[in-house]
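The values are calculated or read from the model by the stated rules, or taken from the named source; none is laboratory data. A quick note: this is a predicted structure, and the numbers were derived from the prediction, not measured. Every residue, glycine as well, gets a Cβ built from its backbone with ideal geometry; the counts of neighbours run over all protein chains shown. For the accessible areas, the whole protein counts, side chains as well, though only heavy atoms, and no ligand, DNA or RNA atoms are used. Shrake-Rupley method; radii C 1.70, N 1.55, O 1.52, S 1.80 Å.
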Amino acid sequence: MATKITSMAITRPLCSVSCLLLSSSLLFIVSLLFFFSNSLLSYPNPTISHYTIQNGINVFVAELPRSLNYGLLEKYWSSSSPDSRIPTDPDHPTRKTSLHKPEKYPPYPENPLIKQYSAEYWIMGDLETPPEKRIGSFAKRVFTESDADVVFVPFFATLSAETELGNGKGTFRKKTGNEDYQRQRQVLDFVKNTKAWKRSGGRDHVFVLTDPVALWHVREEIALSILLVVDFGGWFRQDSKSSNGSSLPERIEHTQVSVIKDVIVPYTHLLPKLDLSQNQRRHSLLYFKGAKHRHRGGLIREKLWDLLVDEHGVVMEEGFPNATGREQSIRGMRNSEFCLHPAGDTPTSCRLFDAIQSLCIPVIVSDTIELPFEGMIDYSEFSVFVSVSDALTPKWLANHLKRFSERDKETLRSRIAKVQTVFAYDNGQANGMGPIQPDGAVNNIWKKVQQKVPMVKEAVMRERRKPAGASVPLRCQCI
């Protein structure tokens, strides 16, 4: 009996050790599974169609006066002055009509010079939508600055700038008598006095600068913030006035913009969406509509025009952004296999996104171009990219496009159809309120902003521990 007791006494520790080892192994395996599952959630499949809304991004909306956003729309609609930059069209006049009654959320202008930059309106509309209608929104609005990942600054900068430009008074570049400058100053004076700005130096603040001239006079003051822009075209150089010591740069300097901290966003398309089921036989090879001569840059466009204008199957049309021009563009893009996208004042334009909505295969002539949501979608799957040197070789471009078989073009068009929604802002509501399209432009913008948050937090912490009086030079971070 004693032997049995001894035997049991001896075997119990062995069992305990085995159980302990087994428990430790199981715990280790479970920990690994937990770690890898979290890693997979942190780095989801970059394909847009499989990008699920997991956690979202917490957004605090800076409490700017209404006069700097929806109040600007009220002012726009109450004005009877036409835009001085749009030629009159007796058959299809483009003019503003007053609203019958005041609205809390007025519609955005149909003026194409303004509408193409309307991202500010749709982003703000989503954030203003009641919570029960924002189930599909990636941005989660919070009402305490400390709970936010980023602070959205709800200034309708495009509307402010374009209204000033459209009045034809020539005051835009000046500060005296410039209402847009006064509004810019009001915005910066407000946000720079908040605890959120002082805590981060503005690094976690999001500004919409889709119009190349938005926030023109205060850009140096928001250089560290997250900027939503349509491209960086021309922003890496300064004009002669700047280089001669003027405080007003022609464009944002290279130390002020970067794909590291900023987000490239789409233009708002001006042409209606064509469903793949509605596509009909196309009779021309290549289509372009726009101004041949541009007042800033556009040299490549002018050379391409001269090379292509007499090519068989190529349609090159001069046009204005009015109602007649819109109808011509709809017919031209829907009747052509390919749509030309050369640089003008800037590398990109709403023409690219009109082509996508028209199922017209984009032909992008550029050696250096930034495009929205890269890393989430692959433009080479539905677009044709051409180097400037090849495009400017006589006969090269037309011959290259003629080599695409019918099957090739059908494949490209079917892929375009799958990404049309990706670039769409409009949710079908006249007042811009939600719900928004889950796979639409607004959600995809916030997903890209979310990718910047870790870098922003790192920069803020690094700034806090910097010794007093230490000076760190601005650097161009390029990839």
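The table below gives the values:
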read-out	value
Residue match in region 410-423 (condition: open to solvent by 80 Å² or more (accessible area, probe 1.4 Å) and free of Cβ contacts under 8 Å to residues at least 24 places away in the same chain)	yes
Test: residue in region 225-247 that is open to solvent by 20 Å² or more (accessible area, probe 1.4 Å), assigned to a loop (DSSP other than H, G, I, E, B), on the phi > 0 side of the Ramachandran plot and at pLDDT below 85	yes
Lone qualifier among Ala355, Ala424, Ala441, Ala430 - being under 30 Å from Phe207 (Cβ atoms) and at pLDDT below 95	Ala430
Selection from region 369-394 of residues that are of a type outside the set (A, V, I, L, M), in contact (Cβ under 8 Å) with a residue 40 or more places away in the chain and within 19 Å of Lys303 (Cα to Cα)	Pro394
Any pair with Cβ under 7 angstrom, 6 or more apart, that starts in region 201-214 at a residue that is in a strand (DSSP E or B) and ends at one that is open to solvent by 10 Å² or more (accessible area, probe 1.4 Å) and not acidic (Asp, Glu)	His205/Trp197
Near pairs, Cβ below 9 angstrom, 6+ apart or cross-chain, from region 277-289 (closer than 18 Å to Phe404 by Cβ and open to solvent by 20 Å² or more (accessible area, probe 1.4 Å)) to any residue that is outside any helix (DSSP H, G or I) and among the aliphatic types (A, V, I, L, M)	Asn279/Leu359; Leu285/Val314; Leu285/Val315
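Results for (1) open to solvent by less than 40 Å² (accessible area, probe 1.4 Å); (2) assigned to a helix (DSSP H, G or I), shown as yes or no for each residue.
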{"site": "Ser137", "(1), (2)": "yes, no"}
{"site": "Lys140", "(1), (2)": "no, no"}
{"site": "Pro154", "(1), (2)": "yes, no"}
{"site": "Thr176", "(1), (2)": "no, no"}
{"site": "Gln184", "(1), (2)": "yes, yes"}
{"site": "Val187", "(1), (2)": "yes, yes"}
